[in-house]
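What follows draws every value from the coordinates through simple rules; no lab data is involved. Not measured: the values here are computed from a predicted model.
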Amino acid sequence: MPDKIFPRGRGALFFLVLLAHVLFVPAISWPSVLLAGLFALGLSMLWLTAAKRWQFQDFWTLLRRVPNWAKKAIGVGLILFAAWVAVRTAWDSAGFLYDTALPEWSPWAGMIVLLVLCWLIASRGAPALCLWAVPMAWLAGGIIVLSLVLSLPDWQFDPSLGVFSLGGLFRPLRMILPVTVLALLFTGYDEQLPQSGAVLVGTSCAAVLAGLTVLRAGAVLGAAGARTIPYAVYEAAGVFETGILQRSEVIFGAAFAICMLARISLACCVIRRAWQMLRESK
């Protein structure tokens, strides 16, 4: 297992974790979803600028400069925060699977299976997770783009879908900011392996795809359908059935399942790394 995280892996991980929330946001205001993604992009740019200014490779190397008592307090806080993100994402994901593809599995059983699976994925550390994220990002991104392109003939634009409101921005922000913070913990400045380009590309692509996916849901289902149909983004992917793409919403949902696995695994990586730091601080 490599001890360094290469730029492509970081960018791919940002791309995956910043797309996972799209299934759960209301499909009535695509500008809010796009702006939430751009906010995550701005936060990433600020962090990378600070990392270059103060010359730290990631958050964990930065913690070496703080007193032991502060390091322990931060470690405990990170474990609790990451555990909340992991459990919340696993519960939402299990509920989605129960309501759509796996009704025979209870949400509780699904949540436990997801947490165990992602803990195993994270057991090899953040470098291995980022290597795993590279092919997964291409797979998930390709499925989402293909789904958007094939459904274009069914798009019917409604001006009411582009209305922006601060209230509509709050939910995607609440879902995207915690995982952005977790991803940034493994990001910083490395002169030999510049990270900023890959991170910004991954974050930007996630923001644009998230906005387009929500826009497609409203354009296909209409404003009324986007407001009332559960998992409107998922249901909108089923408007076409071409050749092997029968039940195309299931294939589309699988792409976002990959994103949800990446998000939970990232949170598990933070828990493991923070626990390791606490043990080293004794």
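Taking Cα atoms only, the orientation of helix 126-150 departs from the longest principal axis of the chain by about 20 degrees.
Give me the percent relative contact order of the chain, please, defined on Cα pairs under 8 angstrom at least 6 residues apart. Each step should come with its number before you reach the end.
On the way: 429 pairs, mean separation 128.1, N = 282.
With pairs under 8 Å counted, the relative contact order is 45 percent.
Angle of helix 68-99 to the longest C-alpha principal axis of the chain, folded into 0 to 90 degrees and rounded to 10: 20°. To test your reading of the geometry: what angle, between 0 and 90 degrees and rounded to tens, separates the Cα axis of helix 107-122 from the longest principal axis of the chain? Long axis of 107-122 versus the principal axis of the chain: about 50 degrees. Using the Karplus relation 6.51 cos²θ - 1.76 cosθ + 1.60 with θ = phi - 60°, the per-residue 3J(HN,Hα) values for segment 180-187 come to 4, 4, 4, 5, 5, 4, 9, 10 Hz, with x marking Gly and Pro.
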